[in-house]
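Chemist: Just passing along the structure, written as structure tokens.
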Amino acid sequence: MENLKSLQGKRMINVAVFASGSGSNAQKIISFFKNHSRIKVALIVCNKLKAGVLNIAEKESIPTLIINRDNFEETGYVPELHHYDIDFIVLAGFLWKIPSVLIKNYPDNIINIHPALLPAYGGKGMYGQAVHKAVIDGKESESGITIHYVNEIYDNGKIIFQAKCIVEEQETPESLAGKIHILEHMHYSQEIGKILERKNIEDKMEN
Ligand code: GAR
């Protein structure tokens with residue numbers, strides 16, 4: 001496992017949250033780590049100027065980085081992430097594919113949350129309501145959330161955590177989205193904390 005450079009000499013682990021939607025998960029993560037002694041949400045990265053997450057960032061006084069696609073694909077904004085001393089990246093409603101330059105610079109240090117039980121109902125175009133509609137159309141009796149490492153293929157990295165909910169007969173994409181959001185809010189921040197804690201312990205054992 002790749003070391004988190006921050007964990008040895010530096011006190012805080014700086015997390016960047018990439019989000020381009022309403023930001024409800026980002027808000028939960030920010031609140032969860034607000035008074036944490038070792039983990040800090042240090043940057044919000046967003047590709048939409050009108051995204052709700054930007055209001056959250058302003059309210060919480062967290063710096064933001066607005067990105068454009070060409071530069072993202074070319075540089076991964078690695079210099080900017082280094083400028084903010086970012087150690088770990090959390091995707092929370094971020095829909096662009098992560099370029100290899102960014103993955104190479106943050107090996108094993110980028111995670112995503114997906115609103116279904118991967119490996120089913122993942123891949124390009126599978127986000128938000130489209131996922132829930134596909135699950136209902138597929139007559140699934142359950143859905144859920146998947147937290148996974150990010151690699152160069154959409155929704156394909158190693159699975160870290162899953163939680164399930166029931167899909168009722170009368171379920172709509174909107175009602176399922178509500179259940180999924182509850183699961184996401186319940187688990188994502190805690191799992192981030194556990195992942196960073198595990199890395200901390202592994203780093204100490206290796207050194
Ligand atoms: C979340 O449900 C997340 O799982 C989903 O976007 C939503 C963002 O909600 N992500 C994907 O679909 C990625 N493929 P939020 O802006 O309220 O946190």
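The values are calculated or read from the model by the stated rules, or taken from the named source; none is laboratory data. Keep in mind it's a predicted model, so treat the numbers as computed, not measured. Cβ coordinates were reconstructed from backbone atoms using ideal geometry, including for glycine residues, and neighbour counts include every protein chain displayed. Ligands, DNA and RNA are stripped out before the accessible areas are found, and what is left, the full protein with its side chains, is counted by its heavy atoms. Shrake-Rupley method; radii C 1.70, N 1.55, O 1.52, S 1.80 Å.
Chemist: Working only within segment 104-122, note down all residues that are more than 9 Å from the ligand (Cβ to nearest atom), over 14 Å from the mean Cα position of the chain (by Cα) and open to solvent by 20 Å² or more (accessible area, probe 1.4 Å).
Modeler: Lys104, Asn105, Pro107, Leu117, Pro119, Ala120, Tyr121
Chemist: Residues of segment 127-158 being under 18 Å from Asn25 (Cα atoms) and open to solvent by 50 Å² or more (accessible area, probe 1.4 Å), which ones?
Modeler: Hits for segment 127-158 are Tyr127, Gln129.
Chemist: While we're on this one: Quick check: anything in segment 159-167 surrounded by 16 or more Cβ atoms within 10 Å (Cβ to Cβ) and on the phi > 0 side of the Ramachandran plot?
Modeler: no
Chemist: Taking the options Lys28, Lys40, name whichever one is surrounded by 16 or more Cβ atoms within 10 Å (Cβ to Cβ), out of contact with any helix residue (DSSP H, G or I) (no Cβ under 8 Å at 6 or more places or on another chain) and modelled with pLDDT of 95 or more. I'd like the intermediate steps shown before the answer.
Modeler: Details: Lys28 fails: out of contact with any helix residue (DSSP H, G or I) (no Cβ under 8 Å at 6 or more places or on another chain).
So the residue among Lys28, Lys40 that is surrounded by 16 or more Cβ atoms within 10 Å (Cβ to Cβ), out of contact with any helix residue (DSSP H, G or I) (no Cβ under 8 Å at 6 or more places or on another chain) and modelled with pLDDT of 95 or more is Lys40.
Chemist: Going residue by residue through segment 76-89, is there one that turns out to be under 16 Å from the mean Cα position of the chain (by Cα), within 15 Å of the ligand (Cβ to nearest atom) and open to solvent by 20 Å² or more (accessible area, probe 1.4 Å)?
Modeler: Scanning segment 76-89 turns up no residue that is under 16 Å from the mean Cα position of the chain (by Cα), within 15 Å of the ligand (Cβ to nearest atom) and open to solvent by 20 Å² or more (accessible area, probe 1.4 Å).
Chemist: Here's a follow-up. Testing Ala51 on (1) over 29 Å from Lys199 (Cα atoms); (2) more than 16 Å from the ligand (Cβ to nearest atom); (3) surrounded by 15 or more Cβ atoms within 10 Å (Cβ to Cβ), one condition comes back false. Which one is that?
Modeler: Every condition holds for Ala51 apart from (2).
Chemist: Another question about this same structure. From the set of residues in segment 170-207 that are aliphatic (A, V, I, L, M) and farther than 16 Å from Ala26 by Cα, which is modelled with the lowest pLDDT? Walk me through it before giving the result.
Modeler: Let us first name the residues in segment 170-207 that are aliphatic (A, V, I, L, M), namely 176-177, 180, 182-183, 186, 192, 195-196, 201, 205.
Now narrow it down to the ones that are farther than 16 Å from Ala26 by Cα: 176-177, 195-196, 201, 205.
On the way: Leu176: 98, Ala177: 97, Ile195: 96, Leu196: 95, Ile201: 68, Met205: 64.
Only one residue tops the list, namely Met205.
Chemist: On to the next question. Of all residues in segment 32-76, which are in contact (Cβ under 8 Å) with a residue 40 or more places away in the chain and among the small types (Gly, Ala, Ser)?
Modeler: Ala42, the sole residue that qualifies.
Chemist: What about Ile56, is it open to solvent by 10 Å² or more (accessible area, probe 1.4 Å), within 17 Å of the chain's Cα centre (by Cα) and away from the ligand (no atom under 15 Å from the Cβ)?
Modeler: Numbers: open to solvent by 10 Å² or more (accessible area, probe 1.4 Å): yes; within 17 Å of the chain's Cα centre (by Cα): yes; away from the ligand (no atom under 15 Å from the Cβ): no.
No, not satisfied.
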